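Since the structure comes first, as structure tokens, the remarks are kept for the end.
The values are calculated or read from the model by the stated rules, or taken from the named source; none is laboratory data. In this text the structure is predicted, and so the values were computed from the model without any measurement. Counting neighbours? That spans all protein chains shown, and the Cβs are built from the backbone with ideal geometry, glycine included.
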Amino acid sequence: MLLRQTLTAVYNNFEVADESNKYELTLGNIDTAQSTTGITNGMSGRTSRSFSTTDEDNDPVSMRDCADHLGGGFWYGMCYFNGVSVTAAGDKFAWRNNFMTSYALQQAEMYACN
């Protein structure tokens, strides 16, 4: 499904650990007052995940390196399940919710603010 709009998910806590802790993610709940109405938590299940890249496989999938398979780094769980991830072709981003509904994204941005 291609959406031609900007979707925003604001989390009440978003922390990334340092390199020695493999950039582990700590993530709170979506702040519904500041987020796009009805947006799903595509990042659920990412808390306590370490960041995986093509040269540093930190995902829990033993059969493959998700970042290598999908063409980019992320806090992967099971490669294709929820979150912002690259497509299998490695040419687009997708926002997937817990129900595996996939939304094609032209770009994805993440900000950490104080």
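Couple of notes before you dig in:
- Single residue of Gly42, Gly72, Gly77 found to be part of a loop (DSSP other than H, G, I, E, B) and in contact with an Asp or Glu (Cβ under 9 Å, 6 or more places away or on another chain): Gly77
- Only one entry of Ser62, Ser44, Ser20, Ser48 meets the criterion of being under 18 Å from Ala112 (Cβ atoms), surrounded by fewer than 17 Cβ atoms within 10 Å (Cβ to Cβ) and free of Cβ contacts under 8 Å to residues at least 60 places away in the same chain, and that entry is Ser48.
- Only one of the numbered conditions (1) closer than 21 Å to Tyr111 by Cα; (2) within 13 Å of the chain's Cα centre (by Cα) is violated by Cys66, and that is (1).
- Set Gly38, Gly28: member being surrounded by fewer than 15 Cβ atoms within 10 Å (Cβ to Cβ), modelled with pLDDT of 85 or more and farther than 16 Å from Tyr76 by Cα: Gly28
- Filtered by the rule that a residue be in a loop (DSSP other than H, G, I, E, B) and either under 13 Å from the mean Cα position of the chain (by Cα) or more than 19 Å from Asp59 (Cβ to Cβ) (or both), the stretch 19-39 gives Glu24, Gly28, Asn29, Asp31, Thr32, Ala33, Gln34, Ser35, Thr36, Thr37, Gly38, Ile39.
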